[in-house]
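The values are calculated or read from the model by the stated rules, or taken from the named source; none is laboratory data. Remember, it's a predicted structure, so these values are computed and weren't measured experimentally. FYI the Cβ positions are ideal-geometry reconstructions off the backbone, even for glycines, and counts take in every protein chain you see.
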Amino acid sequence: NAGVTQTPKFQVLKTGQSMTLQCAQDMNHNSMYWYRQDPGMGLRLIYYSASEGTTDKGEVPNGYNVSRLNKREFSLRLESAAPSQTSVYFCASSERGRNEQFFGPGTRLTVL
Amino acid sequence: KQEVTQIPAALSVPEGENLVLNCSFTDSAIYNLQWFRQDPGKGLTSLLLIQSSQREQTSGRLNASLDKSSGRSTLYIAASQPGDSATYLCAVWGNYGQNFVFGPGTRLSVLP
């Protein structure tokens, strides 16, 4: 099993460009999450999907949109990238909320 | 609002030493607590998950304890090795929460 996979691993954008970060899990988990990790700020939740067909805002949702494409896939979209969105983005999944979370390897995004 | 702190921020020990990492949380009404390790440039790896009804969990050389009433958890690492060098994070799921709240992490260096 690959666990949680993320693409791309690295990305550089110019201010105003858009992009979609992809996440997939092969553990048949119901819940999926998007976090960003910044020095001095720790891990912060952007959006989550408690189950297929549902999405909810986390702590820092502004500037992002998500799509739970199916049970396996959960994507994060930046419509108009800003330098403040330079960060490392992690996707995670769990069988259900409150259960053990498993993380992907992350996407390092730089917005110039 | 739940807040999670970890002290110390960084720790350096000689190989073979037993050590304890600390995690504190402000709201004792938690469902569970999870410990992770993160290697530089990598994602988070789940180490142990403790349910609120449990006092401790063990995996190999790792032992995590939980004292809900005092808002504390400790991660004990026995006979430390250079391969244990990483950042260790704890995360708490509150009884009324929708996601894990993460601490800032403790960066551990085990010197050969």
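Filtering region A:20-36 to residues that are more than 11 Å from the chain's Cα centre (by Cα) and either part of a loop (DSSP other than H, G, I, E, B) or closer than 14 Å to B:LEU89 by Cβ (or both) leaves A:ASP26, A:MET27, A:ASN28, A:HIS29, A:ASN30.
If I filter region A:80-95 down to residues being part of a strand (DSSP E or B) and of a type in the set (A, V, I, L, M), which single residue comes out as surrounded by the most Cβ atoms within 10 Å (Cβ to Cβ)? Lay out the reasoning, then the answer.
Of region A:80-95, the ones part of a strand (DSSP E or B) are A:87-94.
Next, from what is left, pick out any that are of a type in the set (A, V, I, L, M): A:88, A:92.
Numbers: A:VAL88: 16, A:ALA92: 26.
So, considering only residues that are part of a strand (DSSP E or B) and of a type in the set (A, V, I, L, M), the one surrounded by the most Cβ atoms within 10 Å (Cβ to Cβ) is A:ALA92.
Looking only at residues of region B:86-111 that are modelled with pLDDT of 95 or more and over 14 Å from the mean Cα position of the chain (by Cα), we find that the one that is nearest to A:TYR47 (Cα to Cα) is B:SER109.
Out of B:GLN38, B:GLN34, B:GLN51, which single residue is within 10 Å of chain A (Cβ to nearest Cβ) and surrounded by fewer than 20 Cβ atoms within 10 Å (Cβ to Cβ)?
Matching residue, one of B:GLN38, B:GLN34, B:GLN51: B:GLN51.
Listed here are the residues, each with its yes/no results for (1) crowded, with 19+ Cβ neighbours inside 10 Å; (2) polar (S, T, N, Q).
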{"position": "A:TYR35", "(1), (2)": "yes, no"}
{"position": "A:LEU45", "(1), (2)": "yes, no"}
{"position": "A:GLU52", "(1), (2)": "no, no"}
{"position": "A:SER67", "(1), (2)": "no, yes"}
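Of the strands (runs of 3 or more DSSP E) lying entirely inside region B:66-112, those carrying at least 1 residues that are surrounded by fewer than 17 Cβ atoms within 10 Å (Cβ to Cβ) are B:72-77, B:106-111.
When we screen A:ARG108, A:ARG98, A:ARG77, A:ARG44 for residues that are in contact with a Gly (Cβ under 9 Å, 6 or more places away or on another chain) and either more than 14 Å from chain B (Cβ to nearest Cβ) or assigned to a loop (DSSP other than H, G, I, E, B) (or both), the only hit is A:ARG98. Given the criteria of a type in the set (Val, Ile, Thr) and either in contact with a helix residue (DSSP H, G or I) (Cβ under 6 Å, 6 or more places away or on another chain) or under 28 Å from B:GLY103 (Cβ atoms) (or both), does A:THR15 qualify? Against the criterion (of a type in the set (Val, Ile, Thr) and either in contact with a helix residue (DSSP H, G or I) (Cβ under 6 Å, 6 or more places away or on another chain) or under 28 Å from B:GLY103 (Cβ atoms) (or both)), A:THR15 does not qualify.
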